[in-house]
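The values are calculated or read from the model by the stated rules, or taken from the named source; none is laboratory data. These numbers come from a predicted model, not from an experiment. Methodologically, a virtual Cβ is constructed for each residue, glycine included, from the backbone with ideal geometry; neighbour enumeration extends over all protein chains shown.
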Amino acid sequence: MNEHYEVPPERLGRWLERWAEANGPVERTEVRSERVTFVGAAGAVDCDPPFPPLAATGVRDGFDPAPLLDHVTRDRVVGVVLVRLGGYAVGVFSGRRLVASKVGRRQVHARHRAGGSSQKRFARRREGQARVALEAAADVAARVLLEHRRDLEAVVLGGDRRALAEVLEDPRLRSLSSLVDERVLDVPDPRLAVLRGTPDLFRATILRPRT
């Protein structure tokens, strides 16, 4: 796997300065809609910022991180939906500030290892519990996010992809589909503390150095 770093906006400028010092002089800066690349004498680094597109300005001589930094430091209103089977956390952020949230859990039993008819009954019960849990997550997502629909610039997902896909099938959430970010955050069991920490993840720029 190629080496990469996920750097939040507050640390990005200094990270790029250190990279430029180690790999310079920087010969050119390439600003495209979804990626900024700095090419130095000793290597290059691809920078994939959150929430593209950027204002693509093409190729310019030297080291110019301003277009990237201007993009990543802008405060946005972002909805976050975290789901793992049995647990969910939904929030709306303005920049790093959590302005609305709801966290909850529904019991979903672990898989039954025994065989026979008891296993089938348990599996049906578990499927019912999972369905109720995901319906609860969808209901909370609709109530929290739709109240801020006019302000939302993006919706970020995190947790279990299959569970998230089922939640997003709720008809009430279809109006948000165009705002859903491609990245899915890798988060533990959704809790309020985990939700509060997501800005460090969804505001991060992914940096891939090349030699």
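Of A163, A133, A142, A204, all but one fail to be closer than 30 Å to A22 by Cα, among the aliphatic types (A, V, I, L, M) and touching a helix residue (DSSP H, G or I) at 6+ places or on another chain (Cβ under 9 Å); the exception is A204.
Yes/no per residue for (1) modelled with pLDDT of 90 or more; (2) exposed (fewer than 12 other Cβ atoms within 10 Å of the Cβ); (3) of a type in the set (F, W, Y); (4) under 28 Å from E169 (Cα atoms):
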residue	(1), (2), (3), (4)
R35	yes, no, no, no
D46	yes, no, no, no
F51	yes, no, yes, yes
T57	no, no, no, no
G79	yes, no, no, yes
L85	no, no, no, yes
A89	yes, no, no, yes
A100	yes, no, no, yes
R111	no, yes, no, yes
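Here D160, D151, D181, D186 are screened, and the one residue that is within 19 Å of the chain's Cα centre (by Cα), surrounded by fewer than 13 Cβ atoms within 10 Å (Cβ to Cβ) and touching a residue at least 24 places away in the same chain (Cβ under 8 Å) is D186.
The condition of being surrounded by 13 or more Cβ atoms within 10 Å (Cβ to Cβ), within 10 Å of the chain's Cα centre (by Cα) and at pLDDT 95 or above holds for only one of R172, R196, R203, that being R203. For the range 24-56, taking the residues that are in contact (Cβ under 8 Å) with a residue 40 or more places away in the chain and of a type outside the set (A, V, I, L, M, F, W, C), the one that is farthest from R96 (Cα to Cα) is identified as G43.
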